[in-house]
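Structure first, commentary second.
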Amino acid sequence: MKHSKYIYTAIVIATAIFFSACKKDYGNLNSPTIEQFLGNASKSELNNLVSGTESGMRNNIAFYLDDVGTIGREGYRFSGSEPRYVTDLLGANDATLSNSNFYITNPWAARYRVVKNCNILILAATNSSLISSSEKSGYIGFARTIKAYQLLLNLNLTYTKGIRINVTDPDNLGAFVNYDDGLTAIASILDSAKTDFATAAVAFPLAGFDGLNDAAGLLKVNRAIAARVAAYRKKWPEVLTALNESFFDVTKDFYLGVNHVFGTGSGDQLNPMFIPKNQSGEVRVAHASFAADIKNGDDRINKTSVRNSTASLNGLSSDRDVWVYTSSTAPLPIIRNEELILLYAEAKINTNAFPDAVTALNVIRLGHNLAPYAGAITTDALIAELLYQRRYSLFYEGHRWIDLRRYNKLANLPIDRTGDDVWTEFPLPVTEQ
Amino acid sequence: MKKAFHFLPVILFLIFLPDWLFAQEKTITGKVTDANMAPLTGVTISINKSNKGTITDADGKFTLTLPATAKLTVSASGFKTKIITADAAQNDIQVKMEEDFAKLDEVVVTGLATNVKRRNLANAVATISSKQLNGVAPAQTFDAALNGKISGAYINSNTGAPGGGISVKLRGVTSIYGNTQPLYVVDGVFIDNTATSGGLNAVTNAASGGSPTSNQDNASSRIADIRAEDIDNIEILKGASAAAIYGSKASAGVIVITTKRGKQGKTNISISQDLGQVSARKLLGVREFTAEKAASLSRDPSAGAALAAQFTAAKTAGQIYDYEKEVYGNKGFARNTVLSVSGGGEKTNFFFSAAQKDEDGIVKNTGYRNSSLRLNVDHRITDNIKIGISTNYINSSADRGLSGNDNTGTSIGIALSSTPSFAQLHADQFGNYPANPFGASNPLQTIALMTNNESVNRFITGLNLDAILQKNNNSITRFVARGGFDFYNLETNALFPSALQFQAVNKGTSIQGATKNLSTNYIASLVNSFTPSDKLSFTTSAGITRESGDYYNLLNVATQVISGQSNVDQAGALTATQFRAKYQNDGVFVQEEAVINNGITLTGGVRFDRSSNNGDVKKYYAYPKAGVSLNLTSLGLIQKGLFDDIKLRAAYGQATNVPAYGSKFTSLVVSNIAGNPGSLVNIQRGDASIKPEKQTELEAGIDFSLLNGKLAFEFTYYNKKIYDFLMLAGLPASSGFSTKWVNAGDLRNRGVELGVKAKPVASKNLTWNTSVNFWLNKSLVTKYTITPVPQGSFGYVLGSFQVEQGKSATQIVGLNGAGVGVLGDAEPKFQMNTYNEITFHNKLSLRFLMHWKKGGDNVNLTYLQNDFGQTSPDFDAMTLKAGMPNGIYRISQVGSSAKVFVEDASYLRLREIGLYYSFNKLPPALFIKNIRVGASLNNYLTITKYKSYDPEVSNFGTGFSSGVDVDPYPASKRASLHLAIDF
């Protein structure tokens, strides 16, 4: 009888082997994989990477603007559900900035995610045999420009703690470089993109680059960012050179430039900086000093809106809503003409070309319903004037904290509660240590 | 490979069935009684080595046709099994059964197709009877009914929201980011227990990043659909040593559920009706305001004066409200009706049940409804072939409200946390709600207008075929095939009309999800029992297995929704997401069990498995197991005397957990802008070489019973090691990725389980059955190859989990005033339970279950949330620091110490208590056999120092990081009345 047992066992095993022949591998049913793009990408695949890059730049941008805006005392983000906006960011009591909290980990990761997408785009375009070499340069120039801009935003947060530049191989990430070396590296990435654009043909769709979406336009955008980086590096002549190659134009609209744009389409995003007026619970309000310090008649007062009831949280209060982004699909500037005019003025002040500086500052002043500059013509006075104009012109666009840090004036910021602090930099995210 | 081939082996064996030799047959009759000569009903008499048998009728009598001479096995639950020889000469067989206090003759499933008596079992397998599960104080859902009943388990209820959501961890955490939940098998069918998010994150933004779903969406577990009333028995295989034969799905243990089946004899009809009331277990209370306190809500003097005036006006008008009570203080009505019919003839038995329950929650417009139909049929085709079919249709619907963490101020608890008692939130005479000036949403409006519904249609069908292929005097070979499918359709409907305060931007949001899931599994095996002599028997089994799953989820988020509409096309904007997952696991197994001298049991087996989710889809992984038990009394090494039975046992086994679907791919997700389709690299990096996590478990123990089994002890020690545990590791975000699935290290769980069962009183008029269990588990991460980072909570500032070498896997770390240090551990120090049943005159029965969890910390952020809103009841008390109000003190700790948020969540809970009376001697003319009336309380008494709603909570659902408390749906308690009539 044992025999039959073995026979049946044999049948079972034979059946099992029979089944083994049909192994299953379902692949990824939900989305394309990285390998698909790196193989031999078609133009439409590369275009998808371009749009993904442009779209991804918007991810967590509100955290960045709230970080810079809150520490720079432009305003507060009151949230019934998220106390850390008013504790950690303002240094309430003994609170310090933590390396594991959303205000640094989320924007940091979102920027490097775009950097990764840019690196994939560069590699995919390089590997593709389905596009011309000028088209290749277009994709690569775009990817490098955006990558440099994203690195700059992270470096703005971590300052002396620095950033990683070379992040192509996730298993062998490049070392951290300090603030100065970081800026140098960003400038050199922008310069290599400039070279790319010289021979580029751009035929990919861009959303927030109206009027600047061809190779010549992208070059201007690249140079605008390069001008900002040069200013951060205090390379004043370079600022002026870059501005000359950018879309800088004192006669044009302040809002000429490139933007993050928003929409209600499928897979698209709404402007996360938009909060309707007079909300309660979740609000973004201007710091009391915004209205206190503004000059009479300055139309930039309209970047805030008087609330019908004071908003308070945790010992802080304000009666003005931030009203820079006035709808859920309002664009959010990446870089625009008004900043370029101010960069021009700044470079001129720092190279002692005061009359040119005053001319530029007056463009801003007149544009905002103020009389021409009549103050002292000294470096200190003009820098103070410049910082005032930057504060109100670029309100909640992510500048004031960085500007005051560049000029060593963080100590001038108001302290609202006993024990609050003004931070100079964010710690590196815990995952980087 | 076509589906038809799955049944190929079945067909093959049916064709090649051996010819049968039929001996001369004879009909015998008999009677079965207990020790007091009282007749026993429902005793199974089966002819050995055949699929034939019968059961005794109401007078304990039976009739059976059998070959000239045959061995009969006489068995009944709670009695020792007897084997008798019936020969043709005998006509009236009298069998007297002995009570089996220690349950040594209980049959326990040990293989995919084999089982063994508890007397010879090498593992500690916990069982839960139907009465323990559902006969004391029934819980709302099946998963909730398990709580407190499994020695060795850490069971935690995630939320009080209607429709369940329970985490079951058997013998410690077995995975960090892999599956931590056991496999549920109902009548041989592997049950899908996926928690599918309804997309609430699109509104709450609890997890930022723009995904419409997150693990904070408070989804229920699909196992909650199963009806506890249909269950006859549950066996819990707690670790690999018992569960290895389930292979790649068994590393978190296996819960084997057997549903009720019909028995031969008179048709039984039973109707039961429960009526009950659900209410909040505990409310936290609210801060009592005065004009000064109202003014202190704002720092701005003029705003403060306005608030004080607002308070005074509200007070004068008598409009001070306790909103917490208004929202959570409702009493829900609960009803449950079950009709069951069972019976059968010589060849066919059936069990049918139809049931419906409908319960309101403690928050208005929340509740749970479950309707179920079950038909189980067993049929004997010939004396040698029997088939069993189990079918179950379930329709369930849960309205779960909106609770837990959010970042938009929309969840009810978060909204309440910033709303003081003098706020005016009630609707005007036209039904319009005012905006809440103290928060982003008006919770009364949210409750009145929103919908968050999960509704399920589910079919579960199991098939069981048992055919005897060969038999002779000392050998019998069976073909056993078992399998089935579990299919469900889940619709999630989350609707936030534009009138809601927080819909100012989106102007109405409708989130419609459709999920379908098909899971199938089968095993086909040959089982040979070979008995060369009375003192030696072998059971050999071998077979093949397959499990497959096909999950499909479509989630549409529509905004700018046309008023009064929910269809996603009736909207100005629409975002769609689709997710699919498929897997197939194939396995082969062999197992050998030998019983020597009725006292030594040796078991060995191995299963080979591969899975389409592994990095290498072709590779087979081997899962061996082995077990030995020595019954010292059966072997005669120790004479029966004081000790009735002593058994030493040890078992070893391996199991794995396959990686999550998709963990091997680095993909690009869709990210569009202005109508341009975009591909953006996913934050999760794939690992093409991902391996399953492997578990080995060694378990050893001693079981003994005294005083003729009236006092039984079970002691078990286990050492469970998990190798290559799967981890969604944090990557340096500068790589562009945030996480990656990795095989990150090893961990170990060691623990003991002690059980005592006793029957201290067993007189004619009074019986008392009691059991006491004690268990504890200690985990240790023995190897960790990646950098420890906080995970599973909200970072160091508020207290977080962090896996670290040399530390407990569930340690909680955070700021401690001097840096980052260990603040607690989610693992309980130990747990105990006791189940008691006291019966008077066989009519009145008192049953209760107590459960004590000692230790185990939670991260309690509910209080902090209320502090920030300045509404916590003890905000103004100064008990934590002299001269400083508690609320201010707790806020001042944010950013410097998280100690105050990590809180001991010990509790002693009277989980269930019920009192039942049976009228079982009714006049025959009534046609009613039995009427049972009862009253029960579930969750009524809890002793805990834990300060939030309930120590059982999990903001992050059913995963590794349970016990994070952020404004949950409060836990509830229930009181019920029961009436059951048997015809």
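The values are calculated or read from the model by the stated rules, or taken from the named source; none is laboratory data. Keep in mind that what you see is a predicted model, and the values were worked out from it rather than measured. Please note: Cβ atoms are built from the backbone with ideal geometry, for glycine as well, and neighbour counts cover all protein chains shown.
List of remarks:
Yes/no per residue for (1) within 14 Å of chain A (Cβ to nearest Cβ); (2) farther than 23 Å from B:Val327 by Cα; (3) of a type in the set (Asp, Glu); (4) more than 32 Å from the chain's Cα centre (by Cα):
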{"residue": "B:Ala252", "(1), (2), (3), (4)": "no, yes, no, no"}
{"residue": "B:Thr258", "(1), (2), (3), (4)": "no, yes, no, no"}
{"residue": "B:Gly276", "(1), (2), (3), (4)": "no, no, no, no"}
{"residue": "B:Ser298", "(1), (2), (3), (4)": "yes, yes, no, yes"}
{"residue": "B:Ala303", "(1), (2), (3), (4)": "yes, yes, no, yes"}
{"residue": "B:Gln310", "(1), (2), (3), (4)": "yes, no, no, yes"}
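- Residues in the range B:685-716 that are under 22 Å from B:Ser248 (Cβ atoms) and assigned to a strand (DSSP E or B): B:Glu693, B:Lys694, B:Gln695, B:Thr696, B:Glu697, B:Leu698, B:Glu699.
- Taken residue by residue, the range B:218-235 has at least one member that is outside any helix (DSSP H, G or I), surrounded by fewer than 23 Cβ atoms within 10 Å (Cβ to Cβ) and among the polar types (S, T, N, Q).
- Pick from the range A:100-152, criterion in contact (Cβ under 8 Å) with a residue 12 or more places away in the chain and of a type in the set (Lys, Arg), ranking: nearest to the other protein chains (Cβ to nearest Cβ): A:Lys116
- A:Thr304 being under 30 Å from B:Ser417 (Cβ atoms), away from chain B (no Cβ under 14 Å) and among the β-branched types (Val, Ile, Thr): yes
- Residue in the range B:374-395 that is within 14 Å of chain A (Cβ to nearest Cβ) and surrounded by 24 or more Cβ atoms within 10 Å (Cβ to Cβ) present: no
- Top-ranked residue in the range B:616-667 [being within 14 Å of chain A (Cβ to nearest Cβ) and among the polar types (S, T, N, Q); ranked as surrounded by the most Cβ atoms within 10 Å (Cβ to Cβ)]: B:Ser663
- Criterion applied to B:Leu444, B:Leu469, B:Leu490, B:Leu463 was being within 14 Å of chain A (Cβ to nearest Cβ), out of contact with any Cys (no Cβ under 8 Å at 6 or more places or on another chain) and hydrophobic (A, V, I, L, M, F, W, C), and the one residue passing it is B:Leu469.
- Test: residue in the range B:418-432 that is out of contact with any strand residue (DSSP E or B) (no Cβ under 8 Å at 6 or more places or on another chain), of a type in the set (Asp, Glu) and closer than 21 Å to B:Asn506 by Cβ: no
- Subset of the range A:182-211 that is of a type in the set (S, T, N, Q) and touching a helix residue (DSSP H, G or I) at 6+ places or on another chain (Cβ under 7 Å) - its residue that is farthest from the other protein chains (Cβ to nearest Cβ): A:Thr199
- Conditions (1) part of a loop (DSSP other than H, G, I, E, B); (2) within 18 Å of A:Val115 (Cα to Cα): number failed by A:Asn213: (2)
- Within the range B:797-843, the set of residues being of a type in the set (Lys, Arg) and more than 27 Å from B:Arg911 (Cα to Cα) comprises just one member, B:Lys807.
- For the range A:137-144, the condition of being in contact with a helix residue (DSSP H, G or I) (Cβ under 7 Å, 6 or more places away or on another chain) and surrounded by fewer than 24 Cβ atoms within 10 Å (Cβ to Cβ) holds for at least one residue.
- Highlighted here are the helices (runs of 4 or more DSSP H) found entirely within the range B:245-338 that include at least 1 residues which are touching a Leu at 6+ places or on another chain (Cβ under 8 Å) and surrounded by fewer than 17 Cβ atoms within 10 Å (Cβ to Cβ): B:323-328.
- Strands (runs of 3 or more DSSP E) fully within the range B:878-959 counting 2 or more residues that are basic (Lys, Arg): B:907-919
- Residue list for the range A:54-99, filter: more than 30 Å from A:Asn213 (Cβ to Cβ), facing chain B (nearest Cβ under 8 Å) and part of a helix (DSSP H, G or I): A:Pro83, A:Arg84
- Of the numbered criteria (1) of a type in the set (A, V, I, L, M); (2) within 20 Å of A:Pro414 (Cβ to Cβ); (3) touching a residue at least 12 places away in the same chain (Cβ under 8 Å), the one A:Ile61 fails is (2).
- Sole residue being within 11 Å of another protein chain (Cβ to nearest Cβ) and either within 26 Å of B:Phe725 (Cα to Cα) or of a type outside the set (A, V, I, L, M, F, W, C) (or both), chosen from B:Ser533, B:Ser537, B:Ser612: B:Ser612
- Per-region count, the range A:274-292, residues part of a strand (DSSP E or B) and either at pLDDT 95 or above or not hydrophobic (A, V, I, L, M, F, W, C) (or both): 4
- Qualifying positions in the range B:497-526 - within 11 Å of chain A (Cβ to nearest Cβ), part of a loop (DSSP other than H, G, I, E, B) and more than 14 Å from B:Val568 (Cα to Cα): B:Ala504, B:Val505
- Condition broken by A:Ser266, with the remaining ones in (1) in a loop (DSSP other than H, G, I, E, B); (2) surrounded by fewer than 18 Cβ atoms within 10 Å (Cβ to Cβ); (3) more than 14 Å from every other protein chain (Cβ to nearest Cβ) satisfied: (3)
- Screening the range B:557-584 for residues that are more than 8 Å from every other protein chain (Cβ to nearest Cβ) and surrounded by 22 or more Cβ atoms within 10 Å (Cβ to Cβ) and picking the one that is nearest to B:Ile191 (Cα to Cα) gives B:Val557.
- Within the range A:271-290, being without any contact (Cβ under 8 Å) to a residue 60 or more places away in the chain and at the interface with chain B (Cβ under 7 Å from one of its Cβ atoms) holds for A:Phe274, A:Pro276, A:Gln279, A:Ser280.
- Test for B:Gly641: is it of a type in the set (Gly, Ala, Ser), at pLDDT below 90 and over 30 Å from B:Ser738 (Cα atoms): yes
- Being among the aliphatic types (A, V, I, L, M) and either outside the structural domain of B:Asn749 (by TED's automatic domain parsing) or within 24 Å of B:Ser340 (Cβ to Cβ) (or both) is a description that applies to B:Val189.
- Residue ID - nearest to the other protein chains (Cβ to nearest Cβ), chosen from residues in the range B:711-736 that are of a type in the set (A, V, I, L, M) and surrounded by fewer than 22 Cβ atoms within 10 Å (Cβ to Cβ): B:Leu728
- Just one residue in the set B:Lys149, B:Lys131, B:Lys169 is out of contact with any Gly (no Cβ under 6 Å at 6 or more places or on another chain), in a loop (DSSP other than H, G, I, E, B) and either farther than 22 Å from B:Arg649 by Cα or not assigned by TED's automatic domain parsing to the domain that holds B:Gly627 (or both); that residue is B:Lys149.
- Unique residue being within 30 Å of A:Arg111 (Cα to Cα) and modelled with pLDDT of 90 or more when the list is B:Asn719, B:Asn676: B:Asn676
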